[in-house]
Amino acid sequence: MPTTAPAPPVLVRRLALPGDRHTPAVARLAAARLLERAGWHGARAHDALLVVSELVTNAVRHAPGPCLLSLTERDGVLVVAVSDRGEDLPHRWAEGGERGGFGLPLIERLGGRLTVVPSLDGKTVRVRLDRTEQAPPDRTEQAPPPPPHARTALRPA
């Protein structure tokens, strides 16, 4: 009689979060704990925490009220989902600036697969990360370029 291997464990964490300035830090802490239990370490764990921080920060910044964070890890795949009451869907800016615009390109560079699911009372932004996929090696700790108006202000007269 053939036997089947047991299904990989699934780790799930759901948090209802207030829409205040402490929310991204609380979300990162919850994610760090789940990632540690799931065996995520090093640069890829850091990538996952950046994704959590970006999604929750956007919910706090652009949507009214609280948000819901859902983290699901199964067999080396992490799904981060943030639901909020905002009606505006994330969009790609031609160039990041002082108001933002860096999040979607950052998530893509980290290898995240982003989907947005609109609903009657807001939206859910979901990113899937695979622990074994590494972001491209050209990642560097560089500050983003200043916004265009700042660049012109710095030119010599």
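The values are calculated or read from the model by the stated rules, or taken from the named source; none is laboratory data. Everything quoted here is computed from the prediction, not taken from an experiment. Every residue, glycine among them, receives a Cβ derived from its backbone with ideal geometry; neighbour counts consider all protein chains shown. To get the accessible areas, we keep the full protein, side chains included, count just its heavy atoms, and leave off ligands, DNA and RNA. Shrake-Rupley method; radii C 1.70, N 1.55, O 1.52, S 1.80 Å.
Where does each of 38-44, 103-109 land if you order them by average Cβ count within 10 Å, highest first?
The densest-packed peptide leads the list: 103-109, 38-44.
In Å and from the alpha-carbon atoms only, list the Rg and Dmax of the range 24-96.
Considering the range 24-96 through its Cα atoms, Rg and Dmax are 13.1, 38 Å.
Rank these residues by their accessible area, most exposed first, probe 1.4 Å: Glu73, Glu133.
Glu133, Glu73
Within the range 111-133, find all residues whose amide N lies under 16 Å from a label point positioned 7 Å from the Cα of His41 along Cα-to-beta-carbon.
Counting only backbone N, you get 131-132.
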